[in-house]
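First the structure, in the form of structure tokens, and then the observations on it.
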Amino acid sequence: MSEPSVPIQQFPGHVSKLRDTFDSGVTRSYEWRVKQIKAMKQMMVENEDLWLSSQAADLGKPSVQAGLDISNVIAACDELLNHLKSFMKAEMLPTYGLLAPSRMEVRREPFGVVLVIGPYNYPIILCLKPIIGALAAGNTCMLKPSEMTPETSKTFSTLFPKFFDSSVVKVIEGGIPETTALLATPFDFFFFTGSTRVGRIVAEAAAKHIKPCVLELGGKNPVIVDEHLQSIDVAARRIAWGQTWNCGQTCVAPGYVLVMRKHAEELKRKVVHYLKEFYGEDPEKSKDFSRQASENGCLRVQKLLSDRPGEILCGGKIVPQSRYIAPTVLSETPLDSEIMGEELFAPVLSINTVDSIDEAIKIAKQVCDKPLNLMIFSSNTATAEKCILGMQSGGVCVNDVMAIPTTPNCAFGGIGNSGMGSYQGKYSLDTFSHKRTIVSSQLNYNTALTDPPLRYAPFTESKAKMFLWAADNLPNIPPITWAGIMKVVAATALLSAGVKVLAGL
């Protein structure tokens, strides 16, 4: 567990420094935002060994897996560096009806001071990518990393002061008391990644402050395998990979498989085959297999497996002292078993047989009606679309498993119990920005066109009817612009001059 880095009584002072920076207006500029994103990229590139060692200590992460986390953050920086100027542009809107002629725009403006509470499973990605988005939107940030990954938390505390001023980003280490104190602080925005249980606490805290929040949670993610499938081999390989990457501690990982009877036995056999191909006969000795973040996670899964929830096709070994859970495949797990009722966050996969896509959708909605990730393997576009329309989820992967959070330009987020709000790329700017509409009218012309008397009392019966008709038909009336008005004025002047010329003839 990580030790507190800052006494709780000093929290208000640090928040005030962050707020002073924001209130100064310096964070609004494009140049300031780019500077922060470049600093984040530099922090990742120049300290790769430190990031790798901290992940190895906390999660037993192989260098390839931890290296991918670093690359993911760098890619997030590059996505925003490449497109930030266009993302920041105001959206110009047509002006309707009695507000015309005027200029109407929607600007993305920062909220202020953002609190980011990170999880333990991917501390690098899921702490830093929200901060990148918040800084790109012009906010200042306070980061509370998970106490369950103490070495990574210490790395945050060590590196951030070297690359960021403490009035821009401040790291707070600690456990539940520190998190509780932070949630009692009126930040301008709350961003939390973690369990649904804690997510409810964060949402309640944000509601007390009447402040927005994003919750990136999880859920039991289904994989539906159709009978119309060109390669059961590729499906099995991708499912086995996604379920065991990071020792199963991935919020978008396959939670269980519902496979059509035609492919059931072959899929089970091939998933087991690929697990052995990936990690050998003894995965405990594999250099490519991670560990759980805590002994408690191992003990919880050990208890669930002791209830014998279906036939164990492979794995089942658990060594809590070394935080090891073997890649495990279960066959035909009872739907009412405890292991099907919760997100395991472990390399344990249930594979159950179904007789139709309708049955698969029905079961998936019973297990978790709005998971973070819905995965479908099918060569039939209509079947895939039926699953997509038949069930809500945060995201969908067709013929793949964990593509969304590794892609820096797409929206990643949950729905229902799997969370609310999304981020990544331009969607981070949408999330961390207030959409502020600005209507600008000019008063230098006082004509019936620029200030129509229709809006003002007194209202005769005909005038009232015309006023209400205009209000009813706002989107159907062609927008009135200053350019259009000037054309009318010019045309009127020309017409008037022509009339005078003709009158003088």
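The values are calculated or read from the model by the stated rules, or taken from the named source; none is laboratory data. Keep in mind it's a predicted model, so treat the numbers as computed, not measured. In this analysis, Cβ positions are derived from the backbone assuming ideal geometry, glycine residues included, and neighbour counts consider all displayed protein chains. Calculation scope for accessible area: heavy atoms of the full protein, side chains included, ligands and nucleic acids excluded. Shrake-Rupley method; radii C 1.70, N 1.55, O 1.52, S 1.80 Å.
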Reachable lysines from Lys435, Cα under 19 Å, same-chain residues fewer than 8 places away excluded?
-> Lys85, Lys89, Lys211, Lys426
Could you calculate the contour length gain from Leu50 to Arg436, that is, 0.36 nm times the residue separation minus the distance between their Cα atoms, to one decimal place in nm?
-> 134.8 nm
Residue-normalised accessible area of region 32-165, expressed per residue, 1.4 Å probe, Å² | 34
Expected unfolding gain across Lys162-Glu311 under the 0.36 nm per residue rule, minus the alpha-carbon gap, is 48.4 nm
Accessible area, probe 1.4 Å, largest first, for residues Val401, Val319 = Val319, Val401
Could you state the principal axis extents of the C-alpha atoms in region 68-135, from the largest down, to the nearest angstrom?
-> 54, 25, 15
Overall Cα dimensions of region 130-268, principal axis frame, Å, largest first | 59, 34, 29
Per its Cα gyration tensor (rounded if a/c is under 1.5, else prolate when a/b beats b/c, else oblate), region 1-114 is best filed as oblate
Output the relative contact order of the chain, whole-number percent, from Cα pairs under 8 angstrom with separation of 6+ residues.
-> 19
Do you know the Lys pair count in region 301-405 for C-alpha distances under 20 Å, with sequence separation 8 or more or different chains?
-> 5
log10 I(q)/I(0), Debye, Cα-only the chain, no solvent, q = 0.09 Å⁻¹?
-> -0.72
Report, to the nearest whole %, how much of the accessible area of the chain belongs to carbon and sulfur atoms, 1.4 Å probe, protein only.
-> 57
DSSP loop trypsin sites (Lys or Arg not before Pro) with at most 16 other Cβ within 10 Å excluded, longest remaining stretch of the chain | 90-286
Counting Lys +1, Arg +1, Asp -1, Glu -1, what net charge surrounds Gln42 among other residues with beta carbon under 13 Å of its beta carbon?
-> +1
Label points 7 Å out from Cα along the Cβ direction at Ile388 and Ser195: separation in nm?
-> 3.4
Those GluC sites (Glu not before Pro) in region 1-106 that DSSP places in a loop and that have at most 15 other beta carbons within 10 Å = Glu46
Just tell me the longest site-free run in the chain, where the sites are chymotrypsin sites (Phe, Trp or Tyr not before Pro) in a DSSP loop having at most 15 other beta-carbon atoms within 10 Å.
-> 1-444
Ellipticity estimate at 222 nm from DSSP helix runs (n ≥ 4, -39,500 (n - 2.57)) divided over the chain, nearest 500 | -14000 deg cm²/dmol
Amide H proximity to Cys213 below 5 Å, modelled H, separation 5+ or other chain, gives Phe190
Quick shape check on region 133-188: root eigenvalues a ≥ b ≥ c of the Cα gyration tensor, a/c under 1.5 is rounded, otherwise prolate if a/b tops b/c, else oblate, and it reads oblate
